[in-house]
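Heads up, the thing below is written out as C-alpha cells.
The values are calculated or read from the model by the stated rules, or taken from the named source; none is laboratory data. A quick note: this is a predicted structure, and the numbers were derived from the prediction, not measured. FYI the Cβ positions are ideal-geometry reconstructions off the backbone, even for glycines, and counts take in every protein chain you see. Please note that ligands, DNA and RNA were not included when accessible areas were found on the heavy atoms of the full protein model with its side chains. Shrake-Rupley method; radii C 1.70, N 1.55, O 1.52, S 1.80 Å.
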Amino acid sequence: MKINGGIRYCEKGLTASLRAMHVQSELIGMYNENVTGFDKIGYQRKEPVVSSFTEYIGVHGLSQTVDDQIGRIAMSDNPLDLALANKGYFQTQTAEGVRLTRDGRFKLDKNGNLLTLEDAQVLSSAGTPIQLPIVPEKIEDVKINSKGLVSVFNKETHKLESVAYIGVVDSNGVIVTDPQVKQGYNEYSNVSLQNEFISMMPIIRNFEANRQIFMIQNQNLQKVISQLGTTS
C-alpha cells in the first residue's frame, strides 16, 4: 500500500502581489528606522528577521533583533556624559518601571540625584537610585571610573568620596563586571548608512517588480470584466 501526502497551496495572483508588497514595505520601514537613528546617541541597529513562511503569512512572519555591537564613541564637553566601550546597558527607573538604555547623557538635580535627560533616576548596581551625598559646585567634581564607580570631591576634606557603582547590565539583567565606562564621551549609533542602503536595494527592486505584476494582473482583470459586460 502506498500513501501519498503533501500540502497544496494556491491563491490569487493579486493577493500574493499585495502580500509581498506589504512585507517589502515593512522591511523598507525597518531599514529606514535605522537610517533615521544614525545620529541618535545610544541607538542600536535593528536587524529584520524573515521567517520561512513569510511569503504565505505576510508581515506576521517578520520580526526584529537588536544588533548589540558597540557604536561610534565621540568626546563630549559634559563630564556627566557616559559611554560604554563594552556591551551592556545603563539601568534607569522610569514611571513605567526599569528601563535599559545605552544613552548615557546624565545630569544632576538640586538634591544630587543622578538623572537622565528625561528625569528618570539612574540606578546603581544594587538597584537603588544614585544620589550624591554632596551637591558639587562644579560638575567636574564628579568622577566616574571605568568600572562605573561614582565619586564626588569633598571640598572640606579635599578627598574623593565614593558614592556607588552605576548599574550596567546585559540584555538579561545580569551585572556587567567590566563595563568600561568612559566619562566625558557619547556613544552614537552602530548603524552604517552604506550597509543599510545596500540592504534596501534588492527589497526596493522586489517591491517594484511586484507592483508591476499587480498592475498587469489588475489591467487584465478589468479587461475581462469589460468584455463580459459587453457580451451580456
* **Asn111 vs. criteria of a type in the set (S, T, N, Q) and open to solvent by less than 90 Å² (accessible area, probe 1.4 Å)** => yes
* Structure fact -> Residues of region 40-61 being free of Cβ contacts under 8 Å to residues at least 24 places away in the same chain and open to solvent by less than 30 Å² (accessible area, probe 1.4 Å), in sequence order, are Pro48
* **Candidate set: region 92-145, residues that are touching a Lys or Arg at 6+ places or on another chain (Cβ under 9 Å) and charged (D, E, K, R); chosen: the one modelled with the lowest pLDDT** => Glu137
* Please specify each residue of region 27-39 satisfying the condition of being in a loop (DSSP other than H, G, I, E, B) and either at pLDDT below 85 or open to solvent by 80 Å² or more (accessible area, probe 1.4 Å) (or both). => Asp39
* Asked: Taking the stated definitions as given, is Leu193 over 24 Å from Ala126 (Cα atoms), open to solvent by 70 Å² or more (accessible area, probe 1.4 Å) and either among the hydrophobic types (A, V, I, L, M, F, W, C) or free of Cβ contacts under 8 Å to residues at least 60 places away in the same chain (or both)?
  -> no
* Asked: How many residues, within region 148-161, are part of a loop (DSSP other than H, G, I, E, B) and of a type in the set (Ser, Thr, Tyr)?
  -> 1
* To do: Quickly run through region 114-132 and pick out the residues that are part of a loop (DSSP other than H, G, I, E, B) and open to solvent by less than 30 Å² (accessible area, probe 1.4 Å).
  => Ala120, Ile130, Leu132
* Would you please name the residue that is surrounded by the fewest Cβ atoms within 10 Å (Cβ to Cβ), looking only at residues in region 1-26 that are at pLDDT 65 or above and among the hydrophobic types (A, V, I, L, M, F, W, C)? => Leu14
* **Among (1) over 18 Å from Ile130 (Cβ atoms); (2) open to solvent by less than 80 Å² (accessible area, probe 1.4 Å); (3) among the small types (Gly, Ala, Ser); (4) not in a helix (DSSP H, G or I) - the single one Ala209 does not satisfy** => (4)
* **Single match in Glu187, Glu156 (criterion: acidic (Asp, Glu) and either crowded, with 16+ Cβ neighbours inside 10 Å or touching a residue at least 40 places away in the same chain (Cβ under 8 Å) (or both))** => Glu187
* Structure fact -> When region 162-195 is checked residue by residue, the ones that are assigned to a strand (DSSP E or B) and among the charged types (D, E, K, R) are Lys182, Glu187
* Within region 64-104, considering residues that are among the acidic types (Asp, Glu), closer than 30 Å to Leu27 by Cβ and touching a residue at least 24 places away in the same chain (Cβ under 8 Å), the one most open to solvent (accessible area, probe 1.4 Å) -> Asp68
